[in-house]
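Notes for the one structure printed next.
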Amino acid sequence: MAAFQGSRQGVNFSKPEDLVGIPYVEYGQDCRIGLDCWSLVALVYGWYGVVMPPRPSAAVPISYCDSGLAEHGWHSVNKAERMDMVCFRSVSGQAQHVGIYLGYERVLHTTSKTGVCILPLNVPWRRHITGVYRHETVWLAEAQRRVSAHNSQ
């Protein structure tokens, strides 16, 4: 995965899964100290050159996921593919959490209990998804990675 080779904020990586274990810090923006969910997705998408919109607030309104992200090159999709952003709602209906779909029904995310981890999208979590969003730059890079991987077999 050429898009991920290197280092950012002093952390070496070759794929998003390498970030597992980084602690959760509320409003954290430094992966050496800890990240919150918005900063985690901003870090990963930054590897593709995508600048995330500013963090809207602690609780992201569902309307922001639909309109606020669209202003920054994101669009809603019906079926998640690797590296799409997934927004989750709380019981109150606010889209309060984001993660990155890794494929195979798994999402990279971070919580205060686990830090950065991989979440299986089982039934309880699936019910809380408010939307899946794709950025064309990321999608094209992933498509190119898949073609390169296929051609090297």
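The values are calculated or read from the model by the stated rules, or taken from the named source; none is laboratory data. Because the structure is a prediction, the values reported are computed rather than measured. A quick note on method: Cβ atoms are made from the backbone with ideal geometry, for glycine too, and the neighbour counts reach across all protein chains shown.
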Residue that is modelled with the lowest pLDDT [pool: residues in the range 48-67 that are under 15 Å from the mean Cα position of the chain (by Cα) and part of a loop (DSSP other than H, G, I, E, B)]: Arg55
From Phe13, Phe88, which residue is surrounded by 12 or more Cβ atoms within 10 Å (Cβ to Cβ) and at pLDDT below 80? Phe13
State yes or no: is Met83 at pLDDT 90 or above and part of a loop (DSSP other than H, G, I, E, B)? yes
Suppose we keep only residues that are crowded, with 19+ Cβ neighbours inside 10 Å and assigned to a loop (DSSP other than H, G, I, E, B) within the range 31-46. Which one would you say is nearest to the chain's Cα centre (by Cα)? Asp36
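Each row is one residue, and each column tells you yes or no for (1) out of contact with any Lys or Arg (no Cβ under 6 Å at 6 or more places or on another chain); (2) buried (at least 20 other Cβ atoms within 10 Å of the Cβ); (3) at pLDDT 90 or above.
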| residue | (1), (2), (3) |
| --- | --- |
| Leu69 | yes, yes, no |
| Ile100 | yes, yes, yes |
| Thr111 | yes, no, no |
| Trp125 | yes, no, no |
